Amino acid sequence: MHRTRFDEERNPAPIQPLTDKQGQYLDALASSSQVIVLGPAGTGKTFIAGTRAADLLRQRRISKVVITRPNVPSGRSLGFFPGTLEEKIAPWVAPLTETMKERMGAAAFDIAVKAGDIEVVPFEVMRGRTFKNCLVILDEAQNTTTPEIKMFLTRIGDDCQVIINGDVSQTDLRETSGLRTVIHLVKSRMMAIPIVEFTLDDIVRSGICAEWVKAFEEERL
């Protein structure tokens, strides 16, 4: 039987790491229920998280993917923008959702969204929610406060996998980043939670894009 493009979209090849650090990240995802991944843009953090989410959902190893992120960079509450809360936050998580859509196929992705199997949850309404049998991705975690990330981590069920993605050098907060607090707790208490730290040497984007990322990162701009 000939394979169709539809079949290929549903059975994509496993992710192949492009760097040693990406390999460490994939190993951590395969063996740990919580993973913290740090580092600059262009290292594949978002791509791997989105691809992992799509694969687990497609293989029915989880019932839901939940994506969230704090709304600090805009400088305004989500209430300022028109539309539902989900519509307001959608542009901020587009890199993750677009990766999932490409991995799953547009039709399968849209069906999953309509069925509630892929849910974008504004971080400001996470309080009161609990999650079970799902993959939860917290993006831009450096912009959470310590009370916020405490609230987040204490609402995750044992049958969930959590990916905490951020870059502590890029926080927009005036107070101590909750992500920095979590890193300290994991290391000081020797918790069995892997922390994968990408550096500028791990950037996989090619050409002038990579040069710009490195230039801004090295100049702390």
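All but one of (1) over 17 Å from the mean Cα position of the chain (by Cα); (2) of a type in the set (Ser, Thr, Tyr); (3) surrounded by 12 or more Cβ atoms within 10 Å (Cβ to Cβ) hold for SER188; state the number of the condition that does not hold.
Going through (1) over 17 Å from the mean Cα position of the chain (by Cα); (2) of a type in the set (Ser, Thr, Tyr); (3) surrounded by 12 or more Cβ atoms within 10 Å (Cβ to Cβ) one by one, SER188 breaks only (3).
Test ILE208 against the stated conditions and say whether it is farther than 17 Å from SER33 by Cα and touching a Gly at 6+ places or on another chain (Cβ under 9 Å). Walk me through how you get there before you give the answer.
On the way: farther than 17 Å from SER33 by Cα: yes; touching a Gly at 6+ places or on another chain (Cβ under 9 Å): no.
Taking the combined requirement at face value, the residue does not satisfy it.
Just one of ASP7, ASP27, ASP20 is out of contact with any helix residue (DSSP H, G or I) (no Cβ under 9 Å at 6 or more places or on another chain) and modelled with pLDDT of 95 or more; which is it? Break it down stepwise before answering.
Numbers: ASP7 fails: modelled with pLDDT of 95 or more; ASP20 fails: out of contact with any helix residue (DSSP H, G or I) (no Cβ under 9 Å at 6 or more places or on another chain).
The conditions single out ASP27.
For region 127-147, which positions are more than 23 Å from THR97 (Cα to Cα) and either touching a residue at least 24 places away in the same chain (Cβ under 8 Å) or hydrophobic (A, V, I, L, M, F, W, C) (or both)? If you could, list the steps in order and put the result at the bottom.
Keep residues of region 127-147 that are more than 23 Å from THR97 (Cα to Cα), which gives 128, 145-147.
Within region 127-147, THR145, THR146, PRO147 meet the criteria.
Are any residues in region 117-149 out of contact with any strand residue (DSSP E or B) (no Cβ under 7 Å at 6 or more places or on another chain) and within 17 Å of ASP167 (Cα to Cα), and if so, which ones?
ASN143, THR144, THR145, THR146, GLU148, ILE149
Helices (runs of 4 or more DSSP H) wholly in region 57-132 with at least 3 residues that are surrounded by 12 or more Cβ atoms within 10 Å (Cβ to Cβ), modelled with pLDDT under 75 and in contact with a helix residue (DSSP H, G or I) (Cβ under 8 Å, 6 or more places away or on another chain) - which ones?
Qualifying helices (runs of 4 or more DSSP H): 85-89.
Starting from residues that are under 16 Å from the mean Cα position of the chain (by Cα) and part of a loop (DSSP other than H, G, I, E, B), keep the ones in region 145-170 and report whichever is farthest from THR199 (Cα to Cα).
Looking at the filtered set, the residue picked out is CYS160.
For the list (1) over 23 Å from LEU26 (Cβ atoms); (2) β-branched (Val, Ile, Thr); (3) not in a loop (DSSP other than H, G, I, E, B), I need the number of the one condition that THR176 fails.
(3)
Looking only at region 12-56, filter to residues that are among the polar types (S, T, N, Q) and assigned to a helix (DSSP H, G or I); which one of those is surrounded by the fewest Cβ atoms within 10 Å (Cβ to Cβ)? Step through it out loud before you land on a result.
As a first pass, look at region 12-56 and keep what is among the polar types (S, T, N, Q): 16, 19, 22, 24, 31-34, 43, 46, 51.
Then keep just the ones that are assigned to a helix (DSSP H, G or I); that gives 22, 24, 31, 46, 51.
Numbers: GLN22: 21, GLN24: 16, SER31: 9, THR46: 20, THR51: 22.
So, considering only residues that are among the polar types (S, T, N, Q) and assigned to a helix (DSSP H, G or I), the one surrounded by the fewest Cβ atoms within 10 Å (Cβ to Cβ) is SER31.
Considering region 182-197 alone, what residues qualify as being more than 11 Å from GLN34 (Cα to Cα), outside any helix (DSSP H, G or I), touching a strand residue (DSSP E or B) at 6+ places or on another chain (Cβ under 7 Å) and of a type in the set (A, V, I, L, M, F, W, C)?
VAL196
Identify, from the list ASP159, ASP172, the residue that is of a type outside the set (Val, Ile, Thr), within 30 Å of ARG61 (Cβ to Cβ) and touching a residue at least 24 places away in the same chain (Cβ under 8 Å). Break it down into steps so the answer makes sense when it comes.
Values: ASP172 fails: within 30 Å of ARG61 (Cβ to Cβ).
Within the list ASP159, ASP172, the selection yields ASP159.
The values are calculated or read from the model by the stated rules, or taken from the named source; none is laboratory data. Keep in mind that what you see is a predicted model, and the values were worked out from it rather than measured. So basically every Cβ, Gly included, is an ideal-geometry build from the backbone, and we count neighbours across all protein chains shown.
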